[in-house]
1. Pull up the range 186-238, narrow it to residues that are open to solvent by less than 90 Å² (accessible area, probe 1.4 Å) and of a type in the set (Phe, Trp, Tyr), then point me to the one that is modelled with the lowest pLDDT.
2. So which residues in the range 27-51 are open to solvent by 50 Å² or more (accessible area, probe 1.4 Å) and either within 21 Å of GLU134 (Cα to Cα) or touching a strand residue (DSSP E or B) at 6+ places or on another chain (Cβ under 7 Å) (or both)?
3. Examine the range 113-123 for a residue that is in a helix (DSSP H, G or I), closer than 23 Å to TYR166 by Cβ and modelled with pLDDT under 95, and state whether such a residue exists.
4. What tally of residues in the range 1-36 results from selecting those that are within 17 Å of TRP236 (Cα to Cα) and either part of a helix (DSSP H, G or I) or out of contact with any helix residue (DSSP H, G or I) (no Cβ under 6 Å at 6 or more places or on another chain) (or both)?
5. Quickly run through the range 67-79 and pick out the residues that are farther than 22 Å from TYR135 by Cβ and free of Cβ contacts under 8 Å to residues at least 40 places away in the same chain.
6. Quick one: ARG112 ticks every box in (1) surrounded by 17 or more Cβ atoms within 10 Å (Cβ to Cβ); (2) more than 15 Å from the chain's Cα centre (by Cα) except a single one, so which number is it?
7. Could you give every pair whose Cβ atoms fall below 9 Å, whose first residue belongs to the range 27-49 and is under 16 Å from VAL96 (Cβ atoms), and whose second residue is of a type in the set (Ser, Thr, Tyr) and open to solvent by 80 Å² or more (accessible area, probe 1.4 Å), counting only separations of at least 6 or pairs across chains?
8. If we only count helices (runs of 4 or more DSSP H) wholly inside the range 144-238, which ones have 1 or more residues that are acidic (Asp, Glu) and without any contact (Cβ under 8 Å) to a residue 60 or more places away in the chain?
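The values are calculated or read from the model by the stated rules, or taken from the named source; none is laboratory data. Keep in mind it's a predicted model, so treat the numbers as computed, not measured. Glycine also receives a Cβ, built like all others from the backbone with ideal geometry; neighbour counts cover every protein chain displayed. These accessible areas exclude ligands, DNA and RNA; they are computed on the full protein's heavy atoms, side chains included. Shrake-Rupley method; radii C 1.70, N 1.55, O 1.52, S 1.80 Å.
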Amino acid sequence: SIMRYATGKAPGELGADLSDDSVLCRILPFSLLLCRRQHQFTDLDRAMLHDSAKLTHNNALALLMSELYSYILRNLVLHIGGESLEEKISAAASYVGLFYEEEEAEDEEEARMNEEAKAQHREDVKDYDRVSAEYVHLLPFMNIEELENKKEEELLLDSSAEQSLYAALWALLHTASYQEAVEKAVELPGGKNLPIIVSTLAAAHYGYASIPKEWKESIAGKEEAYELAREWQVRWLD
(Lines give C-alpha, C1' and ligand atoms only; values in the text may rest on other atoms or scores of the structure.)
Protein backbone atom coordinates (compact mmCIF):
# COMPACT_ATOMS: atom_id res chain seq x y z
CA SER A 1 0.00 0.00 0.00
CA ILE A 2 2.81 2.42 0.82
CA MET A 3 4.55 1.70 -2.47
CA ARG A 4 1.31 2.25 -4.38
CA TYR A 5 0.81 5.49 -2.42
CA ALA A 6 4.29 6.59 -3.52
CA THR A 7 3.21 6.18 -7.16
CA GLY A 8 0.38 8.67 -6.73
CA LYS A 9 -2.56 6.58 -5.54
CA ALA A 10 -4.86 8.26 -3.01
CA PRO A 11 -5.27 6.61 0.41
CA GLY A 12 -8.91 5.84 -0.34
CA GLU A 13 -7.85 3.90 -3.43
CA LEU A 14 -5.47 1.71 -1.45
CA GLY A 15 -7.23 0.44 1.63
CA ALA A 16 -9.77 -2.36 1.63
CA ASP A 17 -13.15 -2.29 3.36
CA LEU A 18 -11.74 -3.80 6.57
CA SER A 19 -12.32 -2.97 10.23
CA ASP A 20 -10.09 -5.55 11.91
CA ASP A 21 -7.82 -4.61 14.81
CA SER A 22 -4.61 -4.60 12.75
CA VAL A 23 -5.49 -1.00 11.85
CA LEU A 24 -4.71 0.01 15.46
CA CYS A 25 -1.27 -1.58 15.22
CA ARG A 26 -0.55 0.03 11.86
CA ILE A 27 -1.71 3.49 12.97
CA LEU A 28 0.49 3.57 16.09
CA PRO A 29 3.45 5.52 14.63
CA PHE A 30 1.13 8.27 13.40
CA SER A 31 -0.78 8.24 16.68
CA LEU A 32 2.46 8.89 18.55
CA LEU A 33 3.20 11.87 16.31
CA LEU A 34 -0.01 13.43 17.62
CA CYS A 35 1.35 13.21 21.18
CA ARG A 36 2.96 16.64 21.32
CA ARG A 37 2.94 19.00 24.26
CA GLN A 38 1.05 22.26 23.76
CA HIS A 39 -0.55 20.91 20.58
CA GLN A 40 -4.31 20.88 20.09
CA PHE A 41 -5.86 18.03 18.11
CA THR A 42 -7.16 19.77 14.95
CA ASP A 43 -9.24 18.90 11.90
CA LEU A 44 -5.99 18.69 9.95
CA ASP A 45 -4.66 16.08 12.38
CA ARG A 46 -7.91 14.14 12.07
CA ALA A 47 -7.80 14.23 8.27
CA MET A 48 -4.18 13.05 8.18
CA LEU A 49 -4.98 10.31 10.69
CA HIS A 50 -7.82 9.09 8.47
CA ASP A 51 -5.59 9.11 5.41
CA SER A 52 -2.95 7.11 7.25
CA ALA A 53 -5.52 4.50 8.26
CA LYS A 54 -7.00 4.39 4.76
CA LEU A 55 -3.71 3.20 3.33
CA THR A 56 -4.85 -0.23 4.51
CA HIS A 57 -8.36 0.13 6.05
CA ASN A 58 -10.82 2.24 4.06
CA ASN A 59 -13.71 1.59 6.43
CA ALA A 60 -15.61 4.23 8.41
CA LEU A 61 -15.69 2.25 11.66
CA ALA A 62 -11.96 1.53 11.38
CA LEU A 63 -11.35 5.28 10.98
CA LEU A 64 -13.46 6.06 14.03
CA MET A 65 -11.70 3.47 16.20
CA SER A 66 -8.30 4.68 14.98
CA GLU A 67 -9.23 8.19 16.02
CA LEU A 68 -10.50 7.07 19.42
CA TYR A 69 -7.42 4.91 20.03
CA SER A 70 -5.11 7.77 19.05
CA TYR A 71 -6.85 10.19 21.37
CA ILE A 72 -6.81 7.76 24.30
CA LEU A 73 -3.10 7.21 23.71
CA ARG A 74 -2.57 10.97 23.59
CA ASN A 75 -4.38 11.48 26.90
CA LEU A 76 -2.32 8.74 28.57
CA VAL A 77 1.04 9.98 27.28
CA LEU A 78 0.40 13.66 27.98
CA HIS A 79 -1.71 13.14 31.15
CA ILE A 80 -4.75 14.93 29.73
CA GLY A 81 -8.36 14.57 30.81
CA GLY A 82 -8.00 13.92 34.52
CA GLU A 83 -5.92 12.27 37.19
CA SER A 84 -7.22 8.71 36.93
CA LEU A 85 -7.08 6.21 34.10
CA GLU A 86 -10.88 6.18 34.00
CA GLU A 87 -11.04 9.95 33.59
CA LYS A 88 -8.50 9.97 30.76
CA ILE A 89 -10.33 7.25 28.82
CA SER A 90 -13.71 8.88 29.37
CA ALA A 91 -12.41 12.30 28.34
CA ALA A 92 -10.97 10.90 25.12
CA ALA A 93 -14.23 9.16 24.17
CA SER A 94 -16.26 12.28 24.98
CA TYR A 95 -13.96 14.49 22.92
CA VAL A 96 -14.21 12.28 19.84
CA GLY A 97 -17.96 11.92 20.35
CA LEU A 98 -18.42 15.67 20.58
CA PHE A 99 -17.02 16.05 17.07
CA TYR A 100 -19.44 13.57 15.49
CA GLU A 101 -22.64 13.74 17.54
CA GLU A 102 -25.81 15.26 16.13
CA GLU A 103 -26.48 18.32 18.27
CA GLU A 104 -30.00 19.61 18.87
CA ALA A 105 -30.17 23.37 18.46
CA GLU A 106 -32.21 25.47 20.87
CA ASP A 107 -33.03 28.12 18.27
CA GLU A 108 -32.53 29.00 14.60
CA GLU A 109 -29.33 30.93 15.25
CA GLU A 110 -27.71 27.96 17.01
CA ALA A 111 -28.91 25.65 14.22
CA ARG A 112 -27.28 27.93 11.66
CA MET A 113 -24.01 27.96 13.60
CA ASN A 114 -24.08 24.15 13.90
CA GLU A 115 -24.55 23.80 10.15
CA GLU A 116 -21.70 26.21 9.47
CA ALA A 117 -19.44 24.22 11.78
CA LYS A 118 -20.42 20.98 10.04
CA ALA A 119 -19.77 22.50 6.63
CA GLN A 120 -16.27 23.43 7.77
CA HIS A 121 -15.69 19.93 9.18
CA ARG A 122 -16.84 18.39 5.88
CA GLU A 123 -14.41 20.57 4.00
CA ASP A 124 -11.49 19.76 6.29
CA VAL A 125 -12.30 16.09 6.98
CA LYS A 126 -13.55 14.43 3.82
CA ASP A 127 -14.76 11.34 5.72
CA TYR A 128 -16.83 13.35 8.19
CA ASP A 129 -20.30 12.16 7.14
CA ARG A 130 -19.52 8.46 6.80
CA VAL A 131 -17.62 8.40 10.10
CA SER A 132 -20.44 10.32 11.80
CA ALA A 133 -22.79 7.53 10.73
CA GLU A 134 -20.81 5.20 13.06
CA TYR A 135 -21.30 7.46 16.10
CA VAL A 136 -23.34 4.85 17.98
CA HIS A 137 -20.21 2.68 18.28
CA LEU A 138 -18.64 5.34 20.52
CA LEU A 139 -21.35 5.07 23.17
CA PRO A 140 -19.96 1.97 24.98
CA PHE A 141 -16.62 3.75 25.39
CA MET A 142 -18.31 6.76 26.96
CA ASN A 143 -19.89 4.62 29.67
CA ILE A 144 -16.78 3.95 31.73
CA GLU A 145 -18.77 2.46 34.63
CA GLU A 146 -20.31 -0.18 32.36
CA LEU A 147 -16.87 -0.95 30.92
CA GLU A 148 -15.44 -1.44 34.40
CA ASN A 149 -18.33 -3.68 35.46
CA LYS A 150 -18.18 -5.85 32.35
CA LYS A 151 -17.31 -9.47 33.12
CA GLU A 152 -14.52 -11.18 31.21
CA GLU A 153 -16.88 -13.76 29.71
CA GLU A 154 -19.05 -10.93 28.36
CA LEU A 155 -16.28 -9.50 26.16
CA LEU A 156 -16.84 -9.98 22.44
CA LEU A 157 -13.41 -11.01 21.13
CA ASP A 158 -13.88 -11.08 17.36
CA SER A 159 -10.59 -9.36 16.37
CA SER A 160 -12.44 -6.26 15.16
CA ALA A 161 -10.91 -2.86 15.90
CA GLU A 162 -13.95 -1.90 17.98
CA GLN A 163 -14.08 -4.98 20.18
CA SER A 164 -10.30 -5.32 20.56
CA LEU A 165 -10.00 -1.70 21.70
CA TYR A 166 -12.85 -2.26 24.15
CA ALA A 167 -11.20 -5.44 25.47
CA ALA A 168 -7.83 -3.69 25.69
CA LEU A 169 -9.29 -0.93 27.84
CA TRP A 170 -11.08 -3.55 29.95
CA ALA A 171 -7.76 -5.34 30.52
CA LEU A 172 -6.09 -2.07 31.47
CA LEU A 173 -8.86 -1.21 33.94
CA HIS A 174 -8.82 -4.68 35.54
CA THR A 175 -5.08 -4.95 36.17
CA ALA A 176 -2.64 -2.95 38.26
CA SER A 177 0.64 -2.96 36.32
CA TYR A 178 2.12 -3.15 32.83
CA GLN A 179 3.06 -6.80 33.27
CA GLU A 180 -0.37 -7.78 34.61
CA ALA A 181 -2.12 -6.02 31.73
CA VAL A 182 -0.02 -7.74 29.05
CA GLU A 183 -0.33 -11.15 30.69
CA LYS A 184 -4.12 -10.71 30.89
CA ALA A 185 -4.22 -9.78 27.20
CA VAL A 186 -2.29 -12.92 26.30
CA GLU A 187 -4.78 -15.01 28.27
CA LEU A 188 -7.77 -13.54 26.42
CA PRO A 189 -8.71 -15.32 23.17
CA GLY A 190 -8.63 -12.08 21.21
CA GLY A 191 -6.02 -12.89 18.59
CA LYS A 192 -2.43 -11.80 18.05
CA ASN A 193 -3.10 -8.06 17.90
CA LEU A 194 -4.85 -7.68 21.26
CA PRO A 195 -1.62 -8.03 23.32
CA ILE A 196 0.02 -5.43 21.07
CA ILE A 197 -2.81 -2.95 21.64
CA VAL A 198 -2.84 -3.61 25.39
CA SER A 199 0.94 -3.33 25.73
CA THR A 200 0.94 0.01 23.91
CA LEU A 201 -1.78 1.51 26.09
CA ALA A 202 -0.25 0.03 29.26
CA ALA A 203 3.18 1.46 28.41
CA ALA A 204 1.62 4.88 27.80
CA HIS A 205 -0.18 4.68 31.14
CA TYR A 206 2.51 3.13 33.38
CA GLY A 207 5.64 4.41 31.62
CA TYR A 208 8.80 2.80 30.27
CA ALA A 209 10.18 2.04 33.73
CA SER A 210 7.21 -0.25 34.43
CA ILE A 211 8.20 -2.74 31.72
CA PRO A 212 10.06 -5.70 33.29
CA LYS A 213 13.81 -5.45 32.74
CA GLU A 214 14.08 -8.99 31.40
CA TRP A 215 11.40 -8.21 28.80
CA LYS A 216 13.26 -5.12 27.62
CA GLU A 217 16.57 -6.95 27.49
CA SER A 218 15.14 -9.70 25.28
CA ILE A 219 13.84 -7.34 22.56
CA ALA A 220 15.60 -7.76 19.22
CA GLY A 221 17.08 -4.48 18.00
CA LYS A 222 16.50 -2.81 21.36
CA GLU A 223 19.30 -0.27 20.82
CA GLU A 224 17.69 1.05 17.63
CA ALA A 225 14.24 1.01 19.25
CA TYR A 226 15.52 2.92 22.27
CA GLU A 227 17.18 5.54 20.05
CA LEU A 228 13.95 6.07 18.10
CA ALA A 229 12.01 6.42 21.34
CA ARG A 230 14.55 8.87 22.76
CA GLU A 231 14.41 11.03 19.62
CA TRP A 232 10.62 11.06 19.73
CA GLN A 233 10.59 12.05 23.38
CA VAL A 234 13.10 14.87 22.92
CA ARG A 235 11.43 16.21 19.80
CA TRP A 236 7.77 16.06 20.83
CA LEU A 237 7.56 15.84 24.62
CA ASP A 238 10.49 17.85 25.97
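1. TRP236
2. Listed by number, the residues that qualify are THR42, LEU44, MET48, ASP51.
3. Filtering the range 113-123 down to residues in a helix (DSSP H, G or I) leaves 113-123.
Pick out the ones that are also closer than 23 Å to TYR166 by Cβ and you get none.
Looking for residues that are in a helix (DSSP H, G or I), closer than 23 Å to TYR166 by Cβ and modelled with pLDDT under 95, one finds none in the range 113-123, hence no.
4. Restricting attention to the range 1-36, the residues satisfying the condition of being within 17 Å of TRP236 (Cα to Cα) are 28-36.
Going one step further and asking which of them are either part of a helix (DSSP H, G or I) or out of contact with any helix residue (DSSP H, G or I) (no Cβ under 6 Å at 6 or more places or on another chain) (or both), we end up with 28-33.
Qualifying residue count for the region: 6.
5. Applying the first criterion (farther than 22 Å from TYR135 by Cβ) to the range 67-79 yields 76-79.
Scanning the range 67-79 gives a single hit, HIS79.
6. (1)
7. Short answer, once both residue conditions are applied: PHE41/TYR95.
8. Numbers: elements: 144-149, 161-173, 178-187, 193-206, 213-217, 222-232.
Hits in the range 144-238: 144-149, 178-187, 213-217, 222-232.
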